[in-house]
1. Measure out, as a whole number of angstrom, how far apart the alpha-carbon centroids of the stretch 183-225 and the stretch 279-296 sit.
2. How high is the FRET efficiency between E202 and R368 when r is their beta carbon distance and R₀ equals 60 Å, given to the nearest 0.05?
3. For the residue pair V321 and K405, what label-to-label distance in nm results when each label sits 7 Å from Cα along the Cα-to-beta-carbon direction?
4. What label, among (1) 56.2; (2) 26.1; (3) 32.2, belongs to mean projected area of the Cα convex hull in nm² computed from the structure on display?
5. Could you tell me the distance between the Cα centroids of the stretch 395-455 and the stretch 78-131, to the nearest Å?
6. Just to confirm the number: angle between the C-alpha axis of helix 93-108 and the first principal axis of the chain, 0 to 90 degrees, nearest 10?
7. Restrict the search to the stretch 375-472; then list the trypsin sites (Lys or Arg not before Pro) that DSSP places in a loop and that have at most 11 other Cβ atoms within 10 Å of their Cβ.
8. Within the stretch 153-187, list the residues whose amide N lies under 17 Å from a label point set 7 Å along Cα→Cβ of V116.
Amino acid sequence: MAFDNELVEEESFAELFAASEREQESNRIVEGEIVEIHEDENKALVGVGDKLEGIISLDEIRDENGELKYGVGDKIKVMVTGYYNERPKISHKKVLEQEKISNFINEHKDDYEDLVIEGTVVKKNRGGYVIESEGMQFFMPRSLAAFKEGDNVIGRKIKAQVIKIDPEESSVVVSRRKLFNEERKRKKEIIDKLMEEDTIVEGVVKKITSYGMFVDVGGVDGLVHYNEISYKGPVNPSKLYKEGDTVVVKAINYDKDKRHLSLSIKAVQPDPWEEVESELDEGDTITVTVSNIENYGVFVDLGNDIEGFLHISEISWDKNVRNPADYLSVGDQIDVEVIEINPKTHKLRVSLKALQPKPFDEFVKNYREGDVVEGEITSLTDFGAFVRIGQVEGLLHNQDVSWEKGAKAKDLFNIGDKVEVKIAKINEQDEKISLNRKALLESPLETFAKNHRVNDIVKGKVRDIKDFGVFVTLDEGVDALIRDEDLAPLSKDELEKDQEIEAVISQIDTKRDRLRLSVKKLDYIKSQALLDEINEDDTSNSLGELIKDKIKK
């Protein structure tokens, strides 16, 4: 058998091993007799001839249960390894080890090229390491140990390959480095074969993690990422497999630097998305099964490892869907409409509400502008309130809530309150509904009109001065407009806020909520009344004198 150059040394490994064990004389086996047992000292005296007695530890002659296998007078084979103060050094354990190693050598001396032993490093000497395995000791030269410098290896369990058996020396030499090289070579051959195009093999699941599972393919471990298990997308491997399961895989990548082999289960299977692309179109109605429910939507199974997604917004026309589980359960079979197919990303989106009657369309069929309906407050904002009418919502703006100036819906209502409103406008294009509440209430002007008529004289205070006229507020809480042309003989430039003005009512329009006043008309009425009064007086005086007299009064 050929060996690496590292195996060639001036001093044979067998000699190094023997030298580490040899002391005053060569090891020899004799049949001795147990003459004394001292359990308190955990030792026994064994006669080995020539009136010589050696000492062995009782641990060498105990069985698995700790009981002594021999007694005083029993014959026992021991190995004399040397002498100490003229007392022979003996061992029964070494006899057993030698018998085992002899049997091992006889069994494997002609066929040990691929033989691998597993044992524990028990000793280190100047030439290398002693490995103990199944009651036998093997020698591993330092140059073939492949340990890092400074590592404390005593007690470490290792695997090593047998590289030499010497029946004459009863020694076996092993190499950890040789095993590594052989395994590396074998793994390279396996990986090269796996990376051949369309190579499909069986593997055994060794370990399952949150990101995938490791699979043994002929002695090489590869990772099946959770994206490579199913065409559905990322899946939890622990729900589909367990350690020890056999799976069919295909190698898809090998990183030489990291020595990382990537495997795929789905690559072995036909791509179901090819069927989706050829058989399905957006707008098609299909039957699916609810497979998983999340708070943001529902995953549905189309079969053949195809999964679609039903977003929470596509479950119902109800905009207040908070939990999909309130509408669907795992295992439900439902009809949905395909609304998006993305072949590049393998994404398929479906809609449940697309197959349901559209609430706005139903609303338009049943209601018209001007209808008075009762609704429920669903939300309140700074600009108004949303009111549910059947399955749709309309906006009740603050300016249409009440006749009270500055009134806001959030100050008048609570969510859930019932409110009667008038449908002010239906915008079919934008699917928006405008509502009005104050149109159903009696306006301040309507109340005012019950007690006042055109040409009534009233008093009010200036509230606002505009380019086109002056707004005044009357005692009854209504506002009126005096246009510029109706202000004379007053001058707008001389008016101030809260200044009291007397005028007559020139117009009351309750439908358009308009009240107009006129100072000019009041001045005319007063002038006309003055003339009437003058005409009734004595006509003997001149007209000028009478007017002067009236003015003085």
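Values quoted throughout were computed directly from the atomic coordinates according to the rules given, and no laboratory measurement underlies them. Because the structure is a prediction, the values reported are computed rather than measured. Counting neighbours? That spans all protein chains shown, and the Cβs are built from the backbone with ideal geometry, glycine included.
1. Between the Cα centres of the stretch 183-225 and the stretch 279-296 lies a distance of 35 Å.
2. Values: r = 71 Å, r/R0 = 1.19.
The pair E202/R368 has a calculated efficiency of 0.25.
3. Going from the V321 label point to the K405 one covers 4.7 nm.
4. Answer label, from the structure shown: (1).
5. If you average the Cα positions of each part, the centres end up 105 Å apart.
6. Roughly 80 degrees between the two axes.
7. Answer by residue number: K405, K450, R453, K466.
8. Under 17 Å, as judged by backbone N against the label point of V116, lie 157-164, 174-187 of the stretch 153-187.
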